[in-house]
Every structure is written in structure tokens, then in C-alpha cells.
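Asker: Questions regarding the structure given below will be posed in turn.
No lab work stands behind these numbers, since they all come straight from the coordinates. Just so it is clear, the model here is predicted, and its values are computed rather than measured.
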Amino acid sequence: MADHTGSKPVHQAEYERKQHREEMKQQVISFVMMILFTFVAFGMVMAGVDSFFVIPVLLLLAIVQVVFQLYYFMHMKNKGHDMPALMMYGGAAVALLTIITFTTIIWW
């Protein structure tokens, strides 16, 4: 049975509306969490917490925020993004190996 426009069946249109609603809900939740992480990071720095604790926590919060950005706002969790994801993760791996290599060469 088609809807009044004749373009899609009613059940498919309802399913798509539900999917869009769920996706928007996930984006809002991840946005709120990223704002919360930012406030936590600023609060730790402003409070003068020891840098041996602050730096690893800030790096962890930054990594979580990057994952949220990729998966929820850049839609990397959706189907059809396998090749861009492979290229991005491959580039990140090469960059990390390069940084580790040059850090090792400089320190030793």
C-alpha cells in the first residue's frame, strides 16, 4: 500500500521516520556528552589538578570525542562507509607509527 504521494509504502516511510528519530536522539546524546567532557577537562585544568593525572585524562577524553565525531556526526557507523573508514584508520595508524618512530629516534 502506497502513501498519498505514491512514492513509498506506508510501513517503509514509518520505518525511515523512526530511524531518523533514533539517529537524531543518538546525535543529541553524544553532543551533550562531548560538551560535558569539555567542561570536565576545563574544570580539571582550572582547578590545578596534578599534570600527571590531567594529561592522560585529557587525552582519553579527546580520543572519546574523536570517536563520537566519527561515528555519530560523520556517520561512519552507517553502511557504505567502509572504504573511507579504512583510509582514515590507515592514515591514523601511519601517523601514529611515524610519531612513535621519530620519538624513539630522538629519545635514544
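Asker: Search the structure for amide H atoms under 5 Å from the amide H of Lys8, placed 1.01 Å from N in the peptide plane, and list their residues when 5 or more places away or on another chain.
Answerer: Asp3
Asker: Related question: Rounded to the nearest whole Å³, what is the per residue volume of the convex hull around the Cα atoms of region 36-83?
Answerer: Each residue corresponds to 65 Å³ of Cα convex hull volume.
Asker: Given the DSSP H assignment, sum -39500 (n - 2.57) over each helix run of at least 4 residues in the chain and divide by its residue total; what's the result at 222 nm in deg cm²/dmol, nearest 500?
Answerer: -27000 deg cm²/dmol
Asker: Sort all Cα-Cα distances of the chain into consecutive 5 angstrom bins from zero, then give the percent of pairs in each bin up to the one containing the longest distance.
Answerer: 2, 10, 11, 12, 14, 14, 13, 8, 5, 4, 3, 2, 1, 0, 0
Asker: Using θ = phi - 60° and the Karplus relation 6.51 cos²θ - 1.76 cosθ + 1.60, list the HN-Hα couplings for region 24-36 in order, rounded to whole Hz, with x at every Gly or Pro.
Answerer: Coupling constants for region 24-36: 5, 4, 5, 5, 5, 4, 5, 5, 4, 5, 5, 5, 4 Hz.
Asker: For region 95-108, what does the Karplus curve 6.51 cos²θ - 1.76 cosθ + 1.60, with θ = phi - 60°, yield as ³J(HN,Hα) per residue in whole Hz, taken in order and with x for Gly and Pro?
Answerer: Running phi through 6.51 cos²θ - 1.76 cosθ + 1.60 with θ = phi - 60° gives 4, 4, 5, 5, 5, 4, 4, 5, 5, 5, 5, 6, 6, 10 Hz.
Asker: Let me ask another. For region 89-94, just list the computed ³J(HN,Hα) in residue order, Karplus coefficients 6.51, -1.76 and 1.60, θ = phi - 60°, integers in Hz, with x standing in for Gly and Pro.
Answerer: 5, x, x, 5, 5, 5
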